[in-house]
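Notes to accompany the following structure.
Any read-out appearing in this document is the output of simple, stated calculations on the displayed coordinates, not a laboratory observation. Model, not experiment: these values are computed from the prediction. As a convention, Cβ positions derive from the backbone with ideal geometry for all residues, glycine included, and neighbour counts pool all protein chains shown.
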Amino acid sequence: MAEGATLTRWLDACLAVFPRDAWAELAEKLRSLPLTSTQARQFGRFMSSGAVDVELDRQGRLLVPGYLRTYAGLEPGEVIVVGALNRLEIWAPSAWEPYRSRIEDAPEALAEQLQDLGI
């Protein structure tokens with residue numbers, strides 16, 4: 001992310017920070033979605049309308065615009081940063097803790113859901 005990144009709304013009411021190449025890859029997938037699909041258009045707008053290019057400072061920090069802080073329920077002070085393969089996710093602690101508990105307290109249920117995805 002030293003070359004910059006894109007910060008945007010993400011699913012589950014958190015924010016995502018994508019390295020430039022990962023954002024370009026996702027943007028290309030969004031562009032390839034069928035324009036005739038209402039859901040595809042909505043998702044494309046959801047992802048792109050709030051996206052902003054960001055630069056990390058020397059300490060690895062970035063500025064989160066107010067509209068994204070509001071979307072994710074971020075308040076001054078603590079946030080949770082989660083590594084998620086090709087992105088970082090930024091969560092409000094009040095949203096992350098219940099989410100984390102649901103997935104960590106029932107790994108069997110999660111495993112069963114993943115079967116349908118071919119994992």
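For this structure, a couple of remarks:
- For the chain, a simple Cβ point-charge model (Lys and Arg +1, Asp and Glu -1, everything else neutral) yields a dipole of about 520 debye relative to the Cα centre.
- Dividing the summed -39500 (n - 2.57) terms of all DSSP H runs of n ≥ 4 by the residue count of the chain sets its mean residue ellipticity at 222 nm at -13500 deg cm²/dmol.
- Taking θ as phi - 60° and the Karplus parameters 6.51, -1.76 and 1.60, the scalar couplings of the stretch 5-15 work out to 7, 10, 10, 8, 4, 9, 5, 6, 6, 10, 10 Hz in sequence order, x denoting glycine and proline.
- The residues neighbouring R87, those whose beta-carbon lies less than 14 Å from its own, together hold a net charge of -1 under the Lys/Arg +1, Asp/Glu -1 convention.
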